[in-house]
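The values are calculated or read from the model by the stated rules, or taken from the named source; none is laboratory data. None of the values given here were measured: they were computed from a predicted structure. Virtual Cβ from ideal backbone geometry, glycine too; neighbours counted across all protein chains shown. Heads up: the accessible areas ignore ligands, DNA and RNA and are worked out on the full protein's heavy atoms, side chains in. Shrake-Rupley method; radii C 1.70, N 1.55, O 1.52, S 1.80 Å.
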Amino acid sequence: MKKIETIIFIAVVLVMISIPGVFTNIKSNQTSKMDNRMLQEFPSMNDEEFQKGVELYLSDRVGFRENLITLYQTLCDKVFSKLVYPLYAYGKDGHVMMTHDLTTFQHADVDQNYVENLGEYLKSLEDFCGSMGSEFLFFLCPNKESIYPEYFPDGYFVKEQPNRSDRIAEALTKKKVPFIFPRELFMELKNEELLYNQKYDAAHWNDTGCFYGNREIINYLGRSFPTIGELEKEEFQINEVVQPYLKNSYFRIDERVPDYTLKKTDSAEEPDVFSQIELTAPQLHHQYYRNTENQELPRILIFGDSYFEYVSKFYLNHSFELMSLHSDNMKNAEYYISLFQPDIVIVEFVERVLQVPNAIDDERIAKRFPSGAYEEKIEQGIQIESYNTRGNKFISVHGSFDDLDQKMMLKAVVNEKAYYAKRDGNTFCFTFKREDILENHRIDFYKCYEPEN
């Protein structure tokens, strides 16, 4: 009898183990609603990391994956009071916190050369904007733990010295780079309103924090552009909505969070604009809006990370044109600035992004040259390979030029307007306004570089 029970037990266990494998999702182009991303595809047999690719494929697509993850999270929460989540951990008083950016929180030692390089990059970008007739502003977003350190988990030693953000602010002040870091303002406001949710999307500020941060930006810009007006809460219908789950999971939280909805605007989104342009990071957020009534408002170009993915609503009544791009497009910042010729360029990073090698690397951003960089006209060697006319506003020109150093920028002048290239090694793409090309203006090409000392 005992032997039969053992066999039955083993059979049941084997069946339970086998069921998820039987229901593995093998369809192509599948998405996970929980993770809000595409599932891993089966790797090519020629892939050098084939085994790793298969492991990722199976872990992504095994049957009942989302149910099993949620069950495990719930058990750990109920039994061990532990939050099992890649980004988050439990803090104090029911708050969920990120423990990703400990360098900032602990005031740990940082590479001062990195701080100086960031300052030089932003200064050179400001100079470039000035040469194109645009005003520049850098905005540094605080992490949640910078505003609510009292809720951060215990056990982390904090040094009595300036942290990375303090050092960056000092460097930018010395270089006279316009910037806003609203940490002190937020420390005052948090006594009146919750600026980051207790649990939901703890990696970002909520709509209230977003409102106050962008109000600071618009108030600052109003000094140079009075028509921009003031950002006021009266522009929005402010409600609370219930978020049932922790973001990108089915872990139950049922938290009420603020939701700001613009009551009225004369701006309309024109999604076809960016569909006509060669983007550096087309998979990440990008929006274009035009105000149909007030052309006296400034034209604003924003580069921002995930903190600025949903800020458009705060600018629609304060801009004639609004172009918002993910900061991964900053590798070719001059390409977008010269194309749109905005009145204002805003660059935003959250504190946790500004750590080596995330922000300062060749893939994300590259040093711009101050106005007055040396320019040499290219008389021969430019190869024009194709033209792209996907819409009625722009024409893109693709080509190559072998005599290009990585530190050089490529410029074209047409109809007395300067356009800068989107580069990838020795290949390039220029996007021109259609009216400049249709009038058969001559295109002159230049390579731009910093003169040797």
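Between Ser306 and Glu269, what length in nm is gained on full extension when 0.36 nm per residue of separation is reduced by their alpha carbon distance? Don't skip to the end; give the middle numbers.
On the way: separation 37, 0.36 × 37 = 13.32 nm, distance 1.96 nm.
Additional length available on full extension: 11.4 nm.
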Kirkwood estimate for region 116-163, i.e. one over the average of 1/r between Cα atoms, Å: 14.0 Å
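Using the structure shown, list the pairs from Lys123/Lys144; Lys174/Lys247; Lys123/Lys263 with a Cα-Cα distance above 32 Å, or answer none. If you can, show how the numbers build up before the last one.
Working: Lys123/Lys144 27 Å; Lys174/Lys247 40 Å; Lys123/Lys263 38 Å.
Distance filter (> 32 Å) returns Lys174/Lys247; Lys123/Lys263.
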According to a simple spin-label model (label point 7 Å from Cα along Cα-to-Cβ), what is the distance in nm between Ala281 and Leu194? 2.9 nm
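Compute the accessible area per residue over region 79-219, keeping the other protein chains in place, probe 1.4 Å, unit Å².
On the way: 6020 Å² over 141 residues.
For region 79-219, the per-residue accessible area is 43 Å².
Nearest 20 debye, what's the magnitude of the dipole of region 374-450 about its Cα centre given +1 on Lys and Arg Cβ and -1 on Asp and Glu Cβ?
420 debye
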Based on the Cβ-Cβ distance from Asp259 to Val158, what FRET efficiency comes out when R0 is 35 Å, to the nearest 0.05? 0.55
Cross-link pairs Lys175/Lys331; Lys159/Lys190; Lys175/Lys417 - those with Cα-Cα distance over 27 Å: Lys175/Lys417
Could you tell me the calculated FRET efficiency between Glu375 and Thr173, based on Cβ-Cβ distance and R0 = 51 angstrom, to the nearest 0.05? 0.95
Here FRET efficiency (C-beta to C-beta, Arg183 to Gln383, R₀ 60 Å, nearest 0.05) is 0.75
